[in-house]
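As structure tokens, the structure follows; a few thoughts come after it.
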Amino acid sequence: MKSIKNFENKKVLVLGLAKSGESAARLLDKLGAIVTVNDGKPFDENPTAQNLLEAGIRVICGSHPLDLLDEEFSLVVKNPGIPYTNPMVEKALKKGIPVWTEVELAYLISEAPIVGITGSNGKTTTTTMIAEVLNAGGQSAKLCGNIGFPASSVAQEAGEKDMLVMELSSFQLMGVEHFHSHIAVITNLMPTHLDYHGDFEGYVAAKWNIQEQMTADDVIVLNFNQDLAKDLANKTQATVVPFSTTEKVDGAYLEEGVLYFKGEAIMAAEEIGVPGSHNVENALATIAVAKLSGIDNQAIKETLAHFGGVKHRLQSLGEVSGVKFYNDSKSTNTLATQKALSGFDNSKVILIAGGLDRGNEFDELVPDITGVKQMVILGESAPRVKRAAEKAQVPYVDATDVKDATKKAFELASQGDVVLLSPANASWDMYKNFEVRGDEFIAAFEALKGE
């Protein structure tokens, strides 16, 4: 960790807790800042705030009093999920106070170079793939960021010989100023989180912040399957290394079922340990980073061949009576479910789908679910998902929750079939988050296995 003096005796407000807020508060306190934490959860229900107070950090809980900002803070570090329309954030910006997310702090203290990964889909899988390949090839890669390990905590423990492999959300990237990746990856860009960003252009601009400080000595890895990425390639100072499954590019590409990097064959696509065309894209991005980092082909091939996926992201759970189970609870939109289905023979898939009703129809899913053996539909959005199933002429049954859906899906399956939880919807109608939803699916699978 770099010993920096930037925050000594500076008043800093940490807005919102959770893991990243707590990490930011503790780091700033260590760096000599005068820290105030403001969190909406009442103090007596807020063990994190209680622990911070015990550590000598000032905490204000239960509300977000606007007059708090009259204390002339030098900086606000906000939880990424707090939108810029929040009155506290709006007032801070109006007063000219910088508003950061904690990944900016991580960059400022990090002795280790950063590999930053962002995108609409596949970023967690790609981040994990990259870290595993780098470690298999003799590097010391440390996972952090949006993947669940606060970057500002991991950066404190990383040295010059380490690499921070950092998943970055658009929310986090909106709050950076000096942040600088040595290598950046954008997996793909699709319209999502538009309620937060206002429009697709705002969302893309947030993602594009990942390269703002990059120079020609740095590399950005872009998905040339998308015309948007080709356009953005002309708008960066960084050296662009493309990847593509549809054309031969000067980077990583797929040709006749084989993954190449700059003309050198690395492995067959069918050898990748997780199914789906999207995972071929993820593997190509990983290969690009690995080759740029000096990793040998054997380490790349062996790691990707044994890659078992990431929990809740097309995670292979195993088999019961010859029926395979895949947990793709992270699929909270139609695109993610489309990509999941691309890895299977639809005639053998029993698809569990449905969740939070956001008002959208699922017509775009119709071509992808056509030919699916059966659907099990649940959640608020069930009527809309059923309309898509009817248009695709897919038979379906109702379920009350994921546990019930898993049981019914197994009853509908035959040996050789696949039960796929890929909801195409957020989870918040029934579950706290997609992880809880996925955990219920895993528990239901384990119960079936034990019968």
For segment 148-168, give me each residue that is open to solvent by 30 Å² or more (accessible area, probe 1.4 Å) and either in a strand (DSSP E or B) or within 17 Å of PHE307 (Cα to Cα) (or both). PHE149
Taking into account only those residues within segment 342-361 that are in contact with a strand residue (DSSP E or B) (Cβ under 9 Å, 6 or more places away or on another chain), modelled with pLDDT of 95 or more and not aliphatic (A, V, I, L, M), which is farthest from VAL418 (Cα to Cα)? GLY354
In segment 33-60, residues that are touching a Cys at 6+ places or on another chain (Cβ under 8 Å), closer than 27 Å to ASN6 by Cα and assigned to a helix (DSSP H, G or I) total 1
Residue pairs meeting the criteria (Cβ under 6 Å; at least 6 apart or on separate chains; first farther than 22 Å from ILE287 by Cβ, in segment 303-321; second among the hydroxyl-bearing types (Ser, Thr, Tyr)): HIS312/SER329
By residue number, the members of segment 223-265 that are acidic (Asp, Glu), without any contact (Cβ under 8 Å) to a residue 24 or more places away in the chain and at negative phi are ASP227, ASP231, GLU247, ASP250, GLU255
Within segment 112-147, how many residues turn out to be open to solvent by less than 30 Å² (accessible area, probe 1.4 Å), assigned to a helix (DSSP H, G or I) and not charged (D, E, K, R)? 10
I need a count of the residues in segment 61-80 that are surrounded by 15 or more Cβ atoms within 10 Å (Cβ to Cβ), outside any strand (DSSP E or B) and in contact (Cβ under 8 Å) with a residue 60 or more places away in the chain. 4
Which listed residue is in contact with a Ser or Thr (Cβ under 9 Å, 6 or more places away or on another chain) and surrounded by fewer than 21 Cβ atoms within 10 Å (Cβ to Cβ), from GLY257, GLY263, GLY273, GLY251: GLY273
Would it be correct to say that VAL35 is open to solvent by less than 40 Å² (accessible area, probe 1.4 Å) and in contact (Cβ under 8 Å) with a residue 40 or more places away in the chain? no
Among the residues of segment 278-296, are any open to solvent by 50 Å² or more (accessible area, probe 1.4 Å), under 30 Å from GLN415 (Cβ atoms) and in a helix (DSSP H, G or I)? no
Residues of segment 297-318 being polar (S, T, N, Q), open to solvent by less than 40 Å² (accessible area, probe 1.4 Å) and not in a helix (DSSP H, G or I), in sequence order, are GLN315
Residue ID - modelled with the lowest pLDDT, chosen from residues in segment 174-214 that are of a type in the set (A, V, I, L, M) and part of a loop (DSSP other than H, G, I, E, B): MET190
Near pairs, Cβ below 7 angstrom, 6+ apart or cross-chain, from segment 110-129 (farther than 24 Å from GLY159 by Cβ) to any residue that is basic (Lys, Arg) and open to solvent by 20 Å² or more (accessible area, probe 1.4 Å): ASN121/LYS339; THR124/ARG313; THR125/ARG313
If you go through segment 94-111, how many residues are outside any helix (DSSP H, G or I) and surrounded by 24 or more Cβ atoms within 10 Å (Cβ to Cβ)? 2
Restricting the search to segment 179-198, which residues are over 19 Å from VAL219 (Cβ atoms), of a type outside the set (Asp, Glu) and open to solvent by 30 Å² or more (accessible area, probe 1.4 Å)? MET190, PRO191, THR192, HIS193, LEU194, TYR196, GLY198
So which residues in segment 1-21 are closer than 26 Å to HIS64 by Cβ and among the aliphatic types (A, V, I, L, M), if there are any at all? VAL12, LEU13, VAL14, LEU15, LEU17, ALA18
Go through segment 196-222 residue by residue and tally those that are touching a residue at least 60 places away in the same chain (Cβ under 8 Å) and within 17 Å of SER181 (Cα to Cα). 4
Among the residues in segment 247-270, are any within 24 Å of the chain's Cα centre (by Cα), of a type in the set (Val, Ile, Thr) and in a loop (DSSP other than H, G, I, E, B)? no
GLU54 vs. criteria charged (D, E, K, R), at pLDDT below 95 and open to solvent by 60 Å² or more (accessible area, probe 1.4 Å): no
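The values are calculated or read from the model by the stated rules, or taken from the named source; none is laboratory data. Source: prediction; values computed, not measured. In this analysis, Cβ positions are derived from the backbone assuming ideal geometry, glycine residues included, and neighbour counts consider all displayed protein chains. Protein only, heavy atoms only, side chains kept; ligands, DNA and RNA dropped before computing areas. Shrake-Rupley method; radii C 1.70, N 1.55, O 1.52, S 1.80 Å.
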